[in-house]
Amino acid sequence: MEKKKHIRLRSGNDLQLTIADYDGDRPKHRRRTVRTLLLSPFQRNLRPFCYAPFLSMDFDATGAIRLCNHSHSPVAKITEDTSVIDVWRGEIYRRYRAEMKDYILDEENCRHCIRQCETGSSKNVFAVAQFDRWAHDDAMPLYPKVLIFRLKNTCNLACVMCDGLTSSRIRKERDKLPSTASMYGERFFKEMEEILPHVDHVEFYGGEPFLVKEHLRIFEILSKVRATCTIYVNTNGVSLHPKAKQFLEKLNFKTIAVSMDAVHDELHREIRYGLRSDLFYKNMEYFLDLRARKGVEVMLNVTEHRMNWFELPEIFRFAEAKRLYLHINTCIHPHNVTLYTLPSTQLRYVLEFLEQERDLLLVDYRHLTNLARYEFLLSLIRSELSSRRPDWQAEITNRNQSCNGFLAAPIPGLRPFETPAKVSREIIRITSTMGGKPATRMLEQMLVRVRNLSKQGPWADVTQQLQQAIAILPECEANAVFQ
């Protein structure tokens, strides 16, 4: 029997996932049989691991050109002398195309997808989810088909998981640094006039896309050349000035992705500093009206991290109620914000909560629209836990200095901790699962909130339970109860 080939790294090492298993989960990569040849019009002659080098150019605020918006290193840099077309037709792109055809991955540039492959399936790997739908059979295309624009970091929010590279407000207020200059001059925009008529799809990220002047200029070019490409924009939902609405009404917007990291206003504002909740929900209704009038898809982009872990099921409920597709962004930095640098006891505590809430979601919604995304989130956490050696230690090299890095406590009084009984059960779970300083910090956060709920009745009993748990935790830790 022929040995199955595995996806490989440039270093020569193999991933556990075989090429056959990876392709088996891809809707456009079915085995060639008489039946599939007759029934599947999607069979491709060009079969790479990822179509990005055959499709995509990503332009970021530093002037870097990348394969996609999850690439970790640039393939070129924008200067006054850079020709985007020459880069596209040049040696570096040719190398990536050859490697992708052989299922060889650059372990530095492609580590996001490598990590996702290690969960054992291609179903939610970014390369498949993002680029398979734009697949074609041209091995040496003259023009890119997908362009991704992040041309400036202009933004009105300072989110806990962002940094000065992606938010001008963070750069100014948190980093105390001057604003960055635009890297994109007249040559770039002139070439865009030649390229955009050949493009199938464009995407805009931030900063906040509708506040980036360079993005508004691309919108103008799209209108000028009468481009037919579909448009995706990822917005924070609070920056809809009149000109932005004009473009939304006029151009071929296919998808509006709204960043949303909490349902509850107070927590949402803590995570996305500067957000106005009333404006966010007003603009959300406008997007839903666009969906009804023009067929524009509206979806949610949710970033999971230490501050909103307990809110994730609520966002799934919100998405279900509004009939919204939901995408989970994997937060990998700052390292004191991501879930994936938590000690194993804390990460396992988060996983167990999300597993329990998954079951409750399925009671409320028998056919949960976004179940696959929820399951994928669980698989990432399980994969992280199972990959850790006994001597594992978190490597913290990238910090948000304004964040304490502690795992946030659930908020009593709000779903799913809206009753004293549910909070009481969570207190027991926190102390029995984690113990020690992490548990003490969480219980102290909860105590502050519970004291504001009621001075009498069941909430008063919870207050007493919290006080007793906080008092006994140091003694329990000394007796190794929680080890």
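The values are calculated or read from the model by the stated rules, or taken from the named source; none is laboratory data. None of the values given here were measured: they were computed from a predicted structure. Don't worry about glycine lacking a Cβ; one is built from the backbone with ideal geometry, like all the others, and counts go over all protein chains shown. Calculation scope for accessible area: heavy atoms of the full protein, side chains included, ligands and nucleic acids excluded. Shrake-Rupley method; radii C 1.70, N 1.55, O 1.52, S 1.80 Å.
A few comments on the model shown:
- Search result, residues across segment 306-326 that are among the aliphatic types (A, V, I, L, M), open to solvent by 10 Å² or more (accessible area, probe 1.4 Å) and closer than 21 Å to LEU288 by Cα: ALA321
- Segment 83-118, subset within 28 Å of HIS333 (Cβ to Cβ) and of a type in the set (S, T, N, Q), residue modelled with the lowest pLDDT: GLN116
- Some residue of segment 282-291 being among the hydroxyl-bearing types (Ser, Thr, Tyr), open to solvent by 10 Å² or more (accessible area, probe 1.4 Å) and under 24 Å from the mean Cα position of the chain (by Cα): yes
- On the stretch given as segment 84-100, residues that are closer than 18 Å to LEU147 by Cα and in contact (Cβ under 8 Å) with a residue 60 or more places away in the chain total 2.
- Within segment 257-277, residues that are surrounded by fewer than 20 Cβ atoms within 10 Å (Cβ to Cβ) have Cβ atoms under 9 Å from residues that are aromatic (Phe, Trp, Tyr) and part of a loop (DSSP other than H, G, I, E, B) in no pair, counting only partners at least 6 apart in sequence or on another chain.
- The set of residues from segment 295-319 being under 20 Å from ASN252 (Cα atoms) and touching a residue at least 24 places away in the same chain (Cβ under 8 Å) comprises VAL296, GLU297, VAL298, MET299, LEU300.
- Pairs meeting the criteria (first residue in segment 187-207 and in contact (Cβ under 8 Å) with a residue 60 or more places away in the chain and closer than 27 Å to CYS162 by Cα, second residue charged (D, E, K, R) and open to solvent by 20 Å² or more (accessible area, probe 1.4 Å), beta carbons under 6 Å, at least 6 apart or on different chains) are TYR205/ARG150; GLY207/LYS152.
- Residue within segment 393-401 that is within 26 Å of MET446 (Cα to Cα), open to solvent by 80 Å² or more (accessible area, probe 1.4 Å) and part of a loop (DSSP other than H, G, I, E, B) present: yes
- Residue within segment 420-443 that is in contact with a Cys (Cβ under 9 Å, 6 or more places away or on another chain) and closer than 30 Å to GLY164 by Cα present: no
- Check on MET434, modelled with pLDDT of 90 or more and open to solvent by less than 20 Å² (accessible area, probe 1.4 Å): no
- Unmet criterion (only one of (1) over 14 Å from VAL84 (Cβ atoms); (2) in contact with a strand residue (DSSP E or B) (Cβ under 6 Å, 6 or more places away or on another chain)) for VAL199: (1)
- Among the conditions (1) under 17 Å from the mean Cα position of the chain (by Cα); (2) open to solvent by less than 30 Å² (accessible area, probe 1.4 Å); (3) of a type outside the set (Lys, Arg); (4) within 30 Å of LEU15 (Cα to Cα), ALA129 misses just one, which is (2).
- Any chance GLU357 is open to solvent by less than 70 Å² (accessible area, probe 1.4 Å), assigned to a helix (DSSP H, G or I) and among the acidic types (Asp, Glu): yes
- Set side by side, the residues LEU165, LEU142 differ, and just one is open to solvent by 50 Å² or more (accessible area, probe 1.4 Å) and either polar (S, T, N, Q) or under 17 Å from the mean Cα position of the chain (by Cα) (or both), which is LEU165.
- ASP289 fulfils the conditions (1) out of contact with any strand residue (DSSP E or B) (no Cβ under 7 Å at 6 or more places or on another chain); (2) not in a helix (DSSP H, G or I) except for a single criterion, (2).
- Apart from one condition, ILE381 fits all of (1) within 17 Å of GLU304 (Cβ to Cβ); (2) in a loop (DSSP other than H, G, I, E, B); (3) of a type in the set (Val, Ile, Thr); (4) out of contact with any Phe, Trp or Tyr (no Cβ under 7 Å at 6 or more places or on another chain); the exception is (2).
- For segment 276-297, residues that are out of contact with any Leu (no Cβ under 6 Å at 6 or more places or on another chain), within 17 Å of PHE210 (Cβ to Cβ) and aliphatic (A, V, I, L, M) total 3.
Conditions tested, residue by residue: (1) farther than 19 Å from GLU314 by Cα; (2) under 30 Å from the mean Cα position of the chain (by Cα).
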residue: ARG399; (1), (2): yes, yes
residue: PHE417; (1), (2): no, yes
residue: THR431; (1), (2): yes, no
residue: LEU443; (1), (2): yes, yes
